[in-house]
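To start, the structure itself, in structure tokens.
The values are calculated or read from the model by the stated rules, or taken from the named source; none is laboratory data. Computed from a prediction, not measured in an experiment: that's the story for all the values here. Neighbour counts run over all protein chains shown; Cβ positions are idealised from the backbone, glycine included. Surface accessibility is based on the protein's heavy atoms, side chains included, excluding ligands, DNA and RNA. Shrake-Rupley method; radii C 1.70, N 1.55, O 1.52, S 1.80 Å.
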Amino acid sequence: AFGIRRAYPTPIVKPLWPYAVGGVITFFLFAKAANASMNTEEFINDPRNPRFKAGGVKEEH
Amino acid sequence: MPQLVPFYFTNQIFYGFASLSVIVYLFSIYILPHYLEIYVTRIFITKT
């Protein structure tokens, strides 16, 4: 299927390493934005918020 | 929709990038070179 026969020695890391670096940077920026968003009024008391697993208590606004 | 809930953002982007990496690897190593070989072979076929 798909004409898979044998592996070709296509260079992967050499041409694509900037994309990998960009992916890592994007991942950490997303994590930062997600953490900031979790602490907003809309999600701070959401039962899925992981701070409750660490023993967090409901916050009043 | 879990896509819009921030608790799942890091999971989504992690597995999204992981899936893309696997697809790029498989296509670059196995699938696309096979078609390149077919096209090159056709170019160099000559009638006698």
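With respect to (1) in a helix (DSSP H, G or I); (2) more than 9 Å from every other protein chain (Cβ to nearest Cβ), the lone exception for B:T48 is condition (1). Is at least one residue of region B:13-34 under 22 Å from A:R51 (Cβ atoms) and either open to solvent by 100 Å² or more (accessible area, probe 1.4 Å) or within 9 Å of chain A (Cβ to nearest Cβ) (or both)? There is at least one residue in region B:13-34 that is under 22 Å from A:R51 (Cβ atoms) and either open to solvent by 100 Å² or more (accessible area, probe 1.4 Å) or within 9 Å of chain A (Cβ to nearest Cβ) (or both). Among the residues of region A:40-61, the one identified as aromatic (F, W, Y) and either assigned to a loop (DSSP other than H, G, I, E, B) or within 15 Å of B:N11 (Cβ to Cβ) (or both) is A:F43. Counting just the residues of region A:25-41 that are touching a helix residue (DSSP H, G or I) at 6+ places or on another chain (Cβ under 9 Å) and not small (G, A, S), which one comes out nearest to B:P2 (Cα to Cα)? Restricting to residues being touching a helix residue (DSSP H, G or I) at 6+ places or on another chain (Cβ under 9 Å) and not small (G, A, S), the top hit is A:M38.
Going through (1) hydroxyl-bearing (S, T, Y); (2) under 18 Å from B:S21 (Cβ atoms); (3) in a helix (DSSP H, G or I) one by one, A:S37 falls short only on (2).
The residue list B:P6, B:P2 contains one member that is surrounded by fewer than 14 Cβ atoms within 10 Å (Cβ to Cβ), touching a helix residue (DSSP H, G or I) at 6+ places or on another chain (Cβ under 7 Å) and within 10 Å of another protein chain (Cβ to nearest Cβ), which is B:P2. When region A:27-40 is filtered for residues that are open to solvent by 80 Å² or more (accessible area, probe 1.4 Å) and either at the interface with chain B (Cβ under 7 Å from one of its Cβ atoms) or not polar (S, T, N, Q) (or both), the ones remaining, listed by number, are A:F28, A:L29, A:F30, A:K32. When you scan region A:10-26, do you find a residue that is open to solvent by 100 Å² or more (accessible area, probe 1.4 Å) and facing chain B (nearest Cβ under 8 Å), even just one? No, region A:10-26 contains no residue that is open to solvent by 100 Å² or more (accessible area, probe 1.4 Å) and facing chain B (nearest Cβ under 8 Å).
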